[in-house]
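The values are calculated or read from the model by the stated rules, or taken from the named source; none is laboratory data. Just so you know, these numbers come straight off a predicted model, no measurement behind them. Because the Cβ atoms are built from the backbone with ideal geometry, glycine has one as well, and the counts that use them run over all protein chains shown. We work out accessible area using only protein heavy atoms, side chains counted, and drop any ligands, DNA or RNA first. Shrake-Rupley method; radii C 1.70, N 1.55, O 1.52, S 1.80 Å.
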Amino acid sequence: MNAHELLALTTIDTDTFVGVGPKYPWGGLYGGQIVAQALRAAAATVESALNPHSLRAYFIRSGDHNEPVHYEVDRIRDGRTFCTRRVVARQAGGAILNLEASFQRDEASVEIEGITMPDDLPGPDELQSDSWSSIFERAIVPGAAMPAANGRGSGRGAMWARSVDPLGDDPLVHWCMLAYLSDDLPCDAVLAAHPMTHEVDHDRNDVFLASLDHTIWFHRPFRADEWHLYEMTCHSFVGGRGLAIGHVFGIDGVHVATVAQEALLRDRRTKP
């Protein structure tokens with residue numbers, strides 16, 4: 001399955017769509033896939049002149065790759081400048097994701113770059129390619145190459161990523177692909193912040209780690225089939241929940257999106 005097949009949806013009726021996904025190495029479906037397909041379903045019910053500027057998704061239960069996912073869109077509001085959609089992704093066992101997305105008509109304004117890409121990181125061509133999917137290329141930035149968090153978080157992670165397939169010129173496809181890619185790193189940042197990460201055997205499944213929710217703010221146009229840096233920092237860990245916040249930068253340093261995710265982390269080892 002390539003990126004275009006992954007993001008393709010079948011229309012059932014005006015507000016219902018169906019998507020499918022491959023079997024992933026860990027079994028089940030990948031959360032980023034469900035977020036990307038839900039965003040595409042929402043956009044299918046919106047005037048083409050309005051573009052997504054933000055989304056918030058809650059992961060409810062694991063998906064099953066053996067059956068399709070139905071996306072039911074609720075048209076919450078249609079305004080002149082903004083519109084809002086709610087999407088529930090369902091399988092036979094019930095809802096697996098709830099997503100809300102907001103869309104905005106292009107609006108001219110001053111642009112301010114309030115965040116910058118970390119300095120002196122190795123580029124994607126200087127790193128070894130490593131990906132668990134044939135849909136995207138990934139190059140992990142070693143922890144030793146990351147600058148200190150300077151009091152703004154503990155666990156850190158960064159990767160360069162891009163779609164393997166050229167995605168064409170439809171901006172929506174690139175937004176959906178960024179949504180897909182953005183779910184890959186946050187859990188790693190939470191795990192890196194926890195002292196448990198140096199004590200457990202990950203091959204023995206000593207750790208339970210799952211995404212709880214996922215938020216994206218889209219700031220500027222971009223191409224997800226070109227290299228972008230995804231960097232995340234764990235800002236808080238309490239109640240078993242780690243909050244990772246990060247940014248997506250073009251290879252030229254332009255800040256194109258902001259991502260936040262809470263992850264649930266549990267120690268599976270037997271307690272004395």
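Could you list, ordered by first residue, the pairs with Cβ atoms under 9 Å in which the first is in the range 73-85 and within 24 Å of ILE34 (Cα to Cα) and the second is acidic (Asp, Glu) and assigned to a strand (DSSP E or B), at least 6 apart or interchain?
Close Cβ pairs (under 9 Å, with a partner that is acidic (Asp, Glu) and assigned to a strand (DSSP E or B)) amount to ILE76/GLU100; THR84/ASP78; THR84/GLU100; ARG85/ASP74; ARG85/GLU100.
One line per residue, one yes/no per condition, for (1) charged (D, E, K, R); (2) open to solvent by 20 Å² or more (accessible area, probe 1.4 Å); (3) closer than 15 Å to SER182 by Cα:
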site: ALA8; (1), (2), (3): no, yes, no
site: ALA42; (1), (2), (3): no, no, no
site: THR45; (1), (2), (3): no, no, no
site: SER48; (1), (2), (3): no, yes, no
site: LEU55; (1), (2), (3): no, no, yes
site: TYR58; (1), (2), (3): no, yes, yes
site: ARG61; (1), (2), (3): yes, yes, no
site: ASP64; (1), (2), (3): yes, yes, no
site: HIS70; (1), (2), (3): no, yes, no
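May I ask you to list the residues in the range 236-253 that are assigned to a loop (DSSP other than H, G, I, E, B), free of Cβ contacts under 8 Å to residues at least 40 places away in the same chain and closer than 12 Å to THR116 by Cα?
Across the range 236-253, the qualifying residue is only ASP252.
Quick check on my filter: what residues within the range 81-105 are surrounded by 15 or more Cβ atoms within 10 Å (Cβ to Cβ) and either aromatic (Phe, Trp, Tyr) or touching a Gly at 6+ places or on another chain (Cβ under 9 Å) (or both)?
Residues satisfying the conditions are ALA89, GLN91, ILE96, LEU97, PHE103.
Here is a check on your reading of the model: is GLY155 of a type outside the set (Phe, Trp, Tyr) and within 25 Å of LEU209 (Cα to Cα)?
yes
Which of the residues belonging to the range 226-242 are closer than 13 Å to SER211 by Cβ and surrounded by 15 or more Cβ atoms within 10 Å (Cβ to Cβ)?
The answer is MET232, GLY242.
Quick one: in the range 119-176, which of the residues that are among the polar types (S, T, N, Q) and under 21 Å from the mean Cα position of the chain (by Cα) is modelled with the highest pLDDT?
Result: SER163.
I'd like to check which strands (runs of 3 or more DSSP E) are fully inside the range 59-125 and have at least 1 residues that are touching a Pro at 6+ places or on another chain (Cβ under 7 Å) and within 22 Å of ALA8 (Cα to Cα).
94-105
As an exercise: evaluate ARG56 against (1) part of a loop (DSSP other than H, G, I, E, B); (2) under 18 Å from the mean Cα position of the chain (by Cα) and give the number of the one condition it does not meet.
Every listed condition holds for ARG56 apart from (1).
From the residues in the range 243-272 that are small (Gly, Ala, Ser) and farther than 20 Å from LEU55 by Cα, which one is least open to solvent (accessible area, probe 1.4 Å)?
Across the range 243-272, the extreme among qualifying residues is GLY250.
Under 9 Å between Cβ atoms, which residue pairs at least 6 apart in sequence (or on different chains) link something in the range 31-47 that is under 14 Å from LEU97 (Cα atoms) and part of a helix (DSSP H, G or I) with a partner that is open to solvent by less than 10 Å² (accessible area, probe 1.4 Å) and among the polar types (S, T, N, Q)?
Final answer for the pair search is GLY32/SER182; VAL35/SER182.
Can you pull out the residues in the range 13-40 that are open to solvent by 40 Å² or more (accessible area, probe 1.4 Å) and farther than 28 Å from THR81 by Cα?
VAL20, LYS23, PRO25, TRP26
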